[in-house]
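Asks: If you scroll down you'll find the structure; I have some questions about it.
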Amino acid sequence: MWEYTEKVKEHFENPRNVGEVTRVDGVGEVGSLACGDALRLTIQVEDERIADARFQTFGCASAIASSSALTEMIKGMTLEAAAKINNQDIAQYLGGLPKEKMHCSVMGMEALEAAIANYRGVAIPKAEGEIICECFGVTDLDIERVVEENNLSTLEEVTDYTKAGGGCGNCHEKIEALLYRIMTKRQQQAEPKTETKSRKLTNIQKIKLIEETIENEIRPALRTDGGDIELVDVDNNTVTVSLKGMCATCAASQFTLTDFVEQKLKEFVTDELMVVEVK
């Protein structure tokens, strides 16, 4: 059983601002009954300030409490200030949420974004993305956004914040592969920037540097996860490799090539290189 703060219990047992505002200037609808949670947020705006906000929701105690808390937070706020509210702000207002229920605060944030966009008469850009979780209709772009904004790093955290992976489980491998790509990118951004190399090398020099980089920088990292790599050919600036072991069958193999192998070769050899895989 999850432990709820007193403030969560209070907003669940005595939710504020249930219903619809008298004059609907903006409406945001997120979630779906099929997925188990749905929220409709309406706002009334006067002089670019939210004069009133009300909600209707179908969901668990955390969904009701998050929606109730959100309306209390934004009433009286300027639209500019309200637009900066994120899911962590909602959770903190409630004194915290069980990690398994953080998706409820994300739903509140998304409903607010949609309501403000609706008031302004603009459509929230809908990048289609690839459906990762068929059970809950969650795309790779949905996951990337939540992972980046909340500094997530595990499959369990992604499920807690988005519900992705909480159904049949068939998407777990895809989520892990997506996390691998995001974590690799995050690590690269955290590393000190090195001077980009664009230099003239003879073929012999280039091949030697590529072999050294694979042996010293790439292969040890791949072997820690049960994988390996073989240099197949170097044709001008195209490096052909073959992934071995676990890397050969991993769903993240394409990310391994572009976000790790290719980046390492560009860093230590020349930034003109491009890596392709031969099966």
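The values are calculated or read from the model by the stated rules, or taken from the named source; none is laboratory data. Just so you know, these numbers come straight off a predicted model, no measurement behind them. Heads up, the Cβs are rebuilt from the backbone with ideal geometry, glycines too, and the neighbour counts pull from every protein chain shown.
Asks: I'd like the full set of residues that are out of contact with any helix residue (DSSP H, G or I) (no Cβ under 9 Å at 6 or more places or on another chain) and touching a residue at least 12 places away in the same chain (Cβ under 8 Å), limited to the range 78-114.
Replies: Thr78, Glu80, Glu113, Ala114
Asks: Working only within the range 131-175, note down all residues that are in a helix (DSSP H, G or I), under 23 Å from Gly59 (Cβ atoms) and in contact with a strand residue (DSSP E or B) (Cβ under 7 Å, 6 or more places away or on another chain).
Replies: Ile143, Thr162, Ile175
Asks: Give me the residue from the range 25-53 that is in a loop (DSSP other than H, G, I, E, B) and touching a residue at least 12 places away in the same chain (Cβ under 8 Å) and, out of that set, surrounded by the most Cβ atoms within 10 Å (Cβ to Cβ).
Replies: If we take residues in the range 25-53 being in a loop (DSSP other than H, G, I, E, B) and touching a residue at least 12 places away in the same chain (Cβ under 8 Å), then Asp25 is surrounded by the most Cβ atoms within 10 Å (Cβ to Cβ).
Asks: Could I ask something else about it? Filter the range 159-216 down to residues that are surrounded by 12 or more Cβ atoms within 10 Å (Cβ to Cβ) and among the basic types (Lys, Arg) and give me whichever is modelled with the lowest pLDDT.
Replies: Only one residue tops the list, namely Lys197.
Asks: Within the range 54-77, is even one residue farther than 19 Å from Lys7 by Cα and in contact (Cβ under 8 Å) with a residue 40 or more places away in the chain?
Replies: Checked the range 54-77: no residue is farther than 19 Å from Lys7 by Cα and in contact (Cβ under 8 Å) with a residue 40 or more places away in the chain.
Asks: Say we look at the range 247-274 and pick out the residues that are part of a helix (DSSP H, G or I) and over 25 Å from the mean Cα position of the chain (by Cα); which of these is surrounded by the most Cβ atoms within 10 Å (Cβ to Cβ)?
Replies: Selected residue: Leu265.
Asks: Looking at (1) buried (at least 21 other Cβ atoms within 10 Å of the Cβ); (2) over 18 Å from Ile116 (Cβ atoms), which is the only condition Thr22 fails?
Replies: (1)
Asks: Of the residues Glu100, Glu128, only one is modelled with pLDDT under 95 and in a loop (DSSP other than H, G, I, E, B); which?
Replies: The unique qualifying residue is Glu128.
Asks: Shifting gears a bit: Just give me the residues in the range 197-242 being assigned to a helix (DSSP H, G or I) and touching a Cys at 6+ places or on another chain (Cβ under 7 Å), in sequence order.
Replies: Leu222
Asks: What is the number of the single condition among (1) within 12 Å of Leu39 (Cβ to Cβ); (2) touching a His at 6+ places or on another chain (Cβ under 6 Å) that Ala69 does not meet?
Replies: (1) is the only condition that Ala69 fails.
Asks: Out of Thr71, Thr57, Thr78, report the one residue that is among the polar types (S, T, N, Q), over 26 Å from the mean Cα position of the chain (by Cα) and in the same structural domain as Glu113 (by TED's automatic domain parsing).
Replies: Step by step, each of Thr71, Thr57, Thr78 is checked, and only Thr78 is among the polar types (S, T, N, Q), over 26 Å from the mean Cα position of the chain (by Cα) and in the same structural domain as Glu113 (by TED's automatic domain parsing).
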